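The structure appears right after this line, and notes come after that.
Here, each number is a calculation from the coordinates, and none is a lab measurement. Remember, predicted model here, so these are calculated numbers, not experimental data. Please note: Cβ atoms are built from the backbone with ideal geometry, for glycine as well, and neighbour counts cover all protein chains shown.
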C-alpha cells in the first residue's frame, strides 16, 4: 500500500498539480449538548430529600427543582446488571450481566462483562466526536481480570472511555480506596489524617478531566459517567458530617418511615391512596427493641445519612464547576440510583461487614462497645433491615428483590437549555426503566446506534426513548412492558386494559420454579404492592406469567440460575490468575492485587514463603492482605519475623524466637485451619521452627481489599507500624501454596458468595 486507503484526493507529480484531502475527525456539531450521568449506589426511593427523606440533599434537590423529577423509575435489583443496562440501553441479560461481574457461568446471560455485541454509550458517543470520561465505580469487568495483569479489553478504556479514575470492584474503603487511573493501579493522593475522602477525590478528577478537555478543545462536547461508591457500604463520612446527624434518628425507623411517607404524599411523590407497606419479615417494632439495639441502629443510620449528605455536597461542587465553566445550561444531567436500599446489614446492622460474611452475628451489646468508630476509617458498617426498608418507603423488600423496594428508585433529569421554563421542577409519573436512558440520549442528540460496531454485529437497542415525556408531562409512557429477574426472583410490569399490573415471584434458593407462588398487584391503585390479587384474578396472573416467559426468551434471560456458592468452584481453572496447583509466586515490585485475583488464603490452610536477602536492621512488610479492620501482615521488625493475624481487631501476633540472619534466607509462615473455626500459625527460618500460636478465629473471608507484596497498601493491618512500611532489604519473591480442597470447602465458599453479593 503506497497511500492511506481512505485518501480521496488526487496525487500527481507535484503538489501544485495534486488535490489535497484531509480526513477530518467526527464532530457532533456546534449545538451538541454535553451529557453527565451521576449514579448513586444502594440508594432507596425515599432517601433523597426531594423524594421524602429528612436527610439534607440540597444540591440534588436543586437539580430536581430546576429539571424533571421521575417518580416511577425502575432499575434491576443489583449493581452490575443495572450498570450494564444503563450504559448499553439493552436488557442486562442480553448483554451478559444478569448478576455480578464477579461471576461467570458459561452461559451468554452471565459473561462477567458486557458483550462486545452491545456497544456502550461511551463507545457510540466517542465515535461521534465526544470526549468520554468515567469516574468512580466500574464493576463491569470480570473481577479476576481487574488486576494490573489485565486483560484490559473490558476496563473502561476498553469500552469507550478516554479517561478513567476510580475503582474496579463492587465497593471500596472511602478513606483508603483501591484506586485505578486509566489502566493502572495508583495510590490515593492522601489519607484520612489529611482530610481525604474518595467522593471528594472523584469530583476533583471529574472536573479536572472536563477542564482539561474544555480548556484545549472547547468545541468538543463531553460525556462524563460519575459513579460514586456512595451510598454503598462501608458507610463512611468526614467527622463534621457524622456529628451533624447525632440524635437525628433516635425516634426510630417506624416514626421516621411514617414521616417520610407523609412527605411523599404531601409533595406528590406517590399517588393519593398509596398505602405504607407493612414491615418486612425480620423488622421488629422500634419501641420493642432493647436499648443497645436502638443505640446501634440509630448510629448506623446516622453514618448513612452523613455519607449521603457528604455525597450531595460533592454533587454540588460538580454542578458549581460546570456552571463556572459556563456549560451547565447546555449539559444533560441524569442522576439515578442503581437499586434499592441494601439488605446486607442484616437484622441488627453490622459494625464490620466481614464479620457478617464470616458467619459471625455480632450482637448489638458487643457492637455498641465500638459505637464511636461508626462512620470513620476504623469501621466497615452497614445499617439494619429496618432502616433499609425506611429508605425504600413506601415499598417492601430490598435490593436483590424484584418487588418495588429493590427496583423502584429516584431519577432526575436536568437540562436548562432543553426544557421549557414552565416545565422546570415538574414531575413525571410515567413508567421508565434504566434501559430507556441511553435510547433517550441518542434521540436527544440525533444519533442512531450502529448495527455493526468495530466489525461486530450489534444487538438491537431494546430500551424505549422517553424523550416525548421531557416536553409533554401528559404524554403516555413509552415503556409499557418490562420484565425483571434476579437469581430466580421474577417480575413483569405490563399495561392491561390501559392500566399497569405487576406479577412478581420472590424466589428462594432451591425452590421449584414451576410451583412457587406468584403475587399479582394492580399498580394503578396499589403502588406499594400491599394487596395481592392473585387469588381474585388467576387468569390475569397466568397471562402475566406467560408474558414473563415470552420476555425471558426474547431477552436471553434463560437459563434461570440461583447459584452463588457453586460459582466459586470454577476459580481454579485454566487461563485464570488461580493456578490449578494452587501455587502462586509473586516477585516485587508489584501493584496491589485485587482480592478476587490474589491467592485465596481466606478460610484455607496456606504456606507463605518469602525469599529475602537480609542485612542487619532491614525491616518492613513482606506480605499483607486486608485492612486495619481485618487482615494478615507478615513483616520483619527488629530483625525478627513477625505475623499479625488481625481478626476484626483481635490480633494474634507471633514473633520469631530467633533473629533473621543476614544474607539469603527463607522465611516461612504456615497458616493452618483446624476442623472448627480456629487455626494456628507456625514460623520457621531456613527450616528451623521459631514460633507458634493458636488463633481463636480463622477468617473465612478476610477483606474486600486484596494483597500487596513488599509493603502494606491502604490502611495498615498491624498497629506495630505505620504507613506502607516497605521492606528495606531485598525481597526476591513470595511463594504462596494453598493447602487443602478450596473448591469443596462449604463454609469458605458460603462466606465468599455472601461477600460477593454484599460487595456488589
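Modelled this way, with points 7 Å down the Cα-to-C-beta line, the labels at residue 513 and residue 451 are 3.2 nm from one another.
As a rough guide to protection, the peptides 78-91, 594-607 ranked by mean Cβ packing within 10 Å, highest first, stand as 78-91, 594-607. Between the range 675-698 and the range 276-299, the alpha-carbon centres lie 42 Å apart. Sorting the segments 205-215, 52-62 by their mean number of nearby beta carbons within 10 angstrom, highest to lowest, gives 52-62, 205-215. Sorting 108-116, 165-173 by their mean Cβ neighbour count within 10 Å, with the most densely packed peptide first, gives 165-173, 108-116.
Using the Cα coordinates of the range 126-247, the gyration tensor eigenvalues translate into equivalent-ellipsoid semi-axes of 27, 19, 12 Å, sorted from longest to shortest. Please report, to two decimal places, log10 I(q)/I(0) for the range 34-471 at q = 0.12 Å⁻¹ as given by the Debye formula with identical point scatterers on the Cα atoms and no solvent. Reported log10 I(q)/I(0), two decimals: -0.97. Which residues does the label zone of residue 190 cover in the range 204-244, counting backbone N under 17 Å from a point 7 Å along Cα→Cβ? Backbone N within reach: 204-208, 237-241.
The alpha-carbon atoms of the chain define a convex hull whose volume equals 184 cubic angstrom per residue.
Each Cα pair of the range 220-336 feeds into the Kirkwood radius, which the Stokes-Einstein equation turns, at 25 °C and 0.890 mPa s, into a diffusion coefficient of 142 µm²/s. Just so you know, the averaged projected area of the alpha carbon convex hull for the range 274-426 sits at 11.9 nm². Stokes-Einstein diffusion for the range 481-555, with the hydrodynamic radius set to the Kirkwood value over Cα pairs and evaluated at 4 °C in a medium of 1.567 mPa s, equals 104 µm²/s. Cα centroids of the range 87-102 and the range 339-403: how far apart, whole angstrom? Each part's Cα centre sits 27 Å from the other's. For the Cα trace of the range 297-337, dividing Rg by the Kirkwood Rh returns an Rg/Rh value of 1.18. Note on the range 572-758: Rg/Rh from Cα positions, Kirkwood definition for Rh, rounded to two decimals, is 0.94.
The distance separating the Cα centre of the range 611-669 from that of the range 526-565 comes to 55 Å.
In deg cm²/dmol, rounded to 500, what helix-only [θ] at 222 nm does the chain give when every DSSP H run of at least 4 residues adds -39500 (n - 2.57) and the total is split over its residues?
Using -39500 (n - 2.57) per qualifying helix, the result is -6500 deg cm²/dmol.
Extension gain, residue 325 to residue 243: 0.36 nm times the residue separation minus the Cα-Cα distance gives 26.2 nm.
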